[in-house]
């Protein structure tokens, strides 16, 4: 199926959930987040769509004041078509339903995005940081992130301070 | 025989039995220890070279003076030994310190006692027991106590796993080894190693030496079962699961360093010597020449025995650098479901053979 | 008599352990030798690749992609430049495509050789590892001859490659392939058909096809489960559609479909396919300039792209988002080893500690890529 | 039962095949040996043209070197470096293209470009360098290169520049200027012109 057909299929099943956006390309579609788990189940289980592979899950920070986004790249092994789903989150309280139980790789992908952006995936069974240490402060990949000055007494130098250098 | 000979000789000087016994034991024990140390040094060097050649490398090398390891790396093991002796001897804080310190020596004692009964030639044997085979098998099991002690006392999970695996493995493999070594006993009708070797004099079918391995098909199979079980008992690849370095880091030796670790190492190579010695004495004609009637006087006996021994040790190295490692349950499978039935069948076969032909 | 039940023991495999292929910590719940649960702890090698990429220019990201999958740096470069070219809509000269494919396939062989050799090492066989490393070394020599570096190449650039092939590269490469092909048979005789090796790997750690797809397992691991999916064939990038090659899939050669042996075996077969591709590419390589399409300043149009390529470990995807400035707005690397590792817990339950090592080895992970 | 014996036969057969291979390698070690005994023997390093006009550049990436007399202080290499291991300070020269002997500043590069900047500091921290070679391409005078370099000022390829102290890996290429010299360059005295 082409991207337009996939969008039409989503629209007929869940009318009014597609958010119109100018800056997205053809293969991308922004959806409202409140029914996401149902829609993801539909995307995975509908025999015409059957997106059985979650290729990639990316968090995006759209700017200092803009919302956070999660982008899901879905792919169907059976039909060999793909779609990119974008879901926006409120910056102050970013959360969306977890799709960890549908695509098992979502488990680690969501943990990684949580680690980097602080987006909480509700219903995830093991929402911990994955790459950073458990007691790391802040969400590193947000655009307004400020690095910690020290970590467990280890001072994080901002500039190189070696003899003969500065 | 050496101990008896020395005691006889002391008896000609004067009558002080206890002192002469102790003196005889010490005098024959020191060379034995030297044999052990020398064996470890040579075997380590050979093992390095054999492994290197099999892997298209050249192993330790040195070409000039200075900090090189001598010509062809001959000083490598000496350097190793010095390094091990000056290394810090670490004892983990939470270990059971008494057991931790004792364990290497118990393993050492097991190997050392076994070596006492190995017949290097018709005269060179520290103690000639009338139950020599039984003795070697028996003292060979002492080592496992040391291994379990080391693994338990280290207070390390890897060590514990290694020790438990090792105990299971050594105890299991003693059964096929024991069942196979029964066959030379049946053939020769004695447990005395010297008498067993004397039984293998002459030749069979005109060409082959009258070694027990060539006596009949059952003894031929029995030799391989014994040898492979012996490899398993010495914890070498493909049966090195107690110290499997890719799984258990270093198994029961994980927490040991320096001299204590060197003692483990020494014992491992001495164990190889003991089990190979038993295999040579039981199956390969001991110090008998492969060409019956030729080259079998004087020092030739020692030469033949050592060559056979070295060949078997080389085969163990060859195994090690060719094979992957078995899993612990597969190891048990091989022991209980393959070796033991065949070894039992062998005993039966040899019995029948003896009834019919011999 | 009641059922004897021991307490569970927690065993830490790693971060310093010979078989974790880097710095990975596995928290293993064991009952005796039987594993009941594995919790992987990542991040020991986290070098902030994604954050770093947001602060450097597009060209300067390439050396960092090298360091993610350091065993297949060419393929890491390849994935990035392919994604960038898709974003910028550049068509590179044909010679560049050929050179990239030659380098990518050579690196695939090198990476698989290391994976297979180290797998043998995990199982306990030392010698095959050194034979494979010996041959890998010759590939690295060719890379050194081409671009001056042996491991981290920074060779492929957006729109071209950094150096043209050296004069007699074709001859050297063909010479290597002629030498290398018979070696595969020797590896097989020494390791693959070895009964002990087969016993250790066949039927162990079976990943069924649907589990593999759901966990996003890709590359040889997915094909070992019998799913015929190869980005080079199914979503061709560069000029892979011009070459004749098969996609080997596991067939339960000695055991069940999707076991450790199948994953190993697929890699072995893939080496042969790579040799096939290399021979075709070396035969047809056209002349031309390799710097023709290099943009002076890389300033892609606004937008985003997700492109995946087939690295030796599986689908290596780059999500690149541009805001029109010379620095990337967002670079996300979807690394194949990350997804492959996530399946470990599910697959290893009920197996022994030795099998966990075997399963981990068969997944062929590179921690540099997992932690990025 | 037949499977049981087939298994045993299979095991013995495959193990023996493997042992034959290692035996063959051991016997042919003279031919197969791949070890190089490093300090005595060295691997030949490929040298070749990297595609610049100067034909004798080296492709090998070993250690960065700067021909400071050719450097015009354009800062292109500093900007290209992804790990910021190059640090350059420049002072505007009083006169374009004129030698200033007391700070060892030559006015013209070997390509004939007249220099407008005095490079007062050119530091490369080789302990941070990631050998990506990105700094060498933008250089307009081709004065920064991995050693080997152009034929006219060829340096031996250097892989073994290990040091005991990390700070010894910071290479200073420009002559260090004293504060007075710096001051003199920044505020040229009228009598110097005269």
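Numbers for the structure displayed
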quantity	calculated
One residue from B:213, B:142 being crowded, with 17+ Cβ neighbours inside 10 Å and modelled with pLDDT of 85 or more	B:142
Per-region count, segment C:36-79, residues surrounded by 20 or more Cβ atoms within 10 Å (Cβ to Cβ) and more than 12 Å from every other protein chain (Cβ to nearest Cβ)	10
Which listed residue is outside any helix (DSSP H, G or I) and touching a helix residue (DSSP H, G or I) at 6+ places or on another chain (Cβ under 9 Å), from C:98, C:70	C:70
Unique match (being more than 14 Å from chain C (Cβ to nearest Cβ), surrounded by 20 or more Cβ atoms within 10 Å (Cβ to Cβ), modelled with pLDDT under 85 and assigned to a helix (DSSP H, G or I)) among B:282, B:277, B:286	B:282
Every residue from segment C:329-352 that is buried (at least 24 other Cβ atoms within 10 Å of the Cβ) and more than 12 Å from chain A (Cβ to nearest Cβ)	C:348
Residue check, residue B:226 surrounded by 24 or more Cβ atoms within 10 Å (Cβ to Cβ) and either under 18 Å from the mean Cα position of the chain (by Cα) or not in a loop (DSSP other than H, G, I, E, B) (or both)	yes
Any hit, segment A:62-72, residues being under 19 Å from residue A:1 (Cα atoms), more than 14 Å from chain C (Cβ to nearest Cβ) and without any contact (Cβ under 8 Å) to a residue 40 or more places away in the chain	no
Top-ranked residue of segment C:346-370 - restricted to ones that are assigned to a helix (DSSP H, G or I) and within 15 Å of the chain's Cα centre (by Cα), ranked as farthest from residue C:221 (Cα to Cα)	C:368
Some residue of segment B:51-65 being surrounded by 19 or more Cβ atoms within 10 Å (Cβ to Cβ), at pLDDT 85 or above and within 22 Å of the chain's Cα centre (by Cα)	yes
Output for segment C:326-345, where each listed residue is under 26 Å from residue A:72 (Cβ atoms) and either out of contact with any strand residue (DSSP E or B) (no Cβ under 9 Å at 6 or more places or on another chain) or in a loop (DSSP other than H, G, I, E, B) (or both)	C:327, C:328, C:329, C:335, C:338, C:343
Residue in segment C:207-219 that is crowded, with 17+ Cβ neighbours inside 10 Å and away from chain A (no Cβ under 14 Å) present	no
Residue tally, condition within 28 Å of residue C:52 (Cβ to Cβ) and in a loop (DSSP other than H, G, I, E, B), over segment D:72-120	8
Residue satisfying condition, being away from chain C (no Cβ under 11 Å) and under 23 Å from residue A:137 (Cα atoms), within set A:90, A:46	A:90
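Yes/no matrix, rows are residues, columns are (1) without any contact (Cβ under 8 Å) to a residue 60 or more places away in the chain; (2) closer than 21 Å to residue B:224 by Cα; (3) over 18 Å from the mean Cα position of the chain (by Cα):
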{"position": "B:139", "(1), (2), (3)": "yes, no, no"}
{"position": "B:144", "(1), (2), (3)": "yes, no, no"}
{"position": "B:147", "(1), (2), (3)": "no, no, no"}
{"position": "B:152", "(1), (2), (3)": "yes, no, yes"}
{"position": "B:162", "(1), (2), (3)": "no, no, yes"}
{"position": "B:167", "(1), (2), (3)": "yes, no, no"}
{"position": "B:173", "(1), (2), (3)": "no, yes, no"}
{"position": "B:176", "(1), (2), (3)": "no, yes, no"}
{"position": "B:179", "(1), (2), (3)": "no, yes, no"}
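Okay, residues lined up against (1) modelled with pLDDT under 85; (2) within 14 Å of chain A (Cβ to nearest Cβ); (3) surrounded by fewer than 24 Cβ atoms within 10 Å (Cβ to Cβ); (4) within 21 Å of the chain's Cα centre (by Cα):
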site	(1), (2), (3), (4)
C:225	no, yes, no, yes
C:238	yes, no, yes, yes
C:267	no, no, no, yes
C:295	yes, no, yes, no
C:307	no, yes, yes, yes
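The values are calculated or read from the model by the stated rules, or taken from the named source; none is laboratory data. Treat the numbers as computed from the prediction; the structure is a model and nothing was measured. Here the Cβ is made from the backbone with ideal geometry for all residues, glycine too, and neighbour counts use every protein chain on show.
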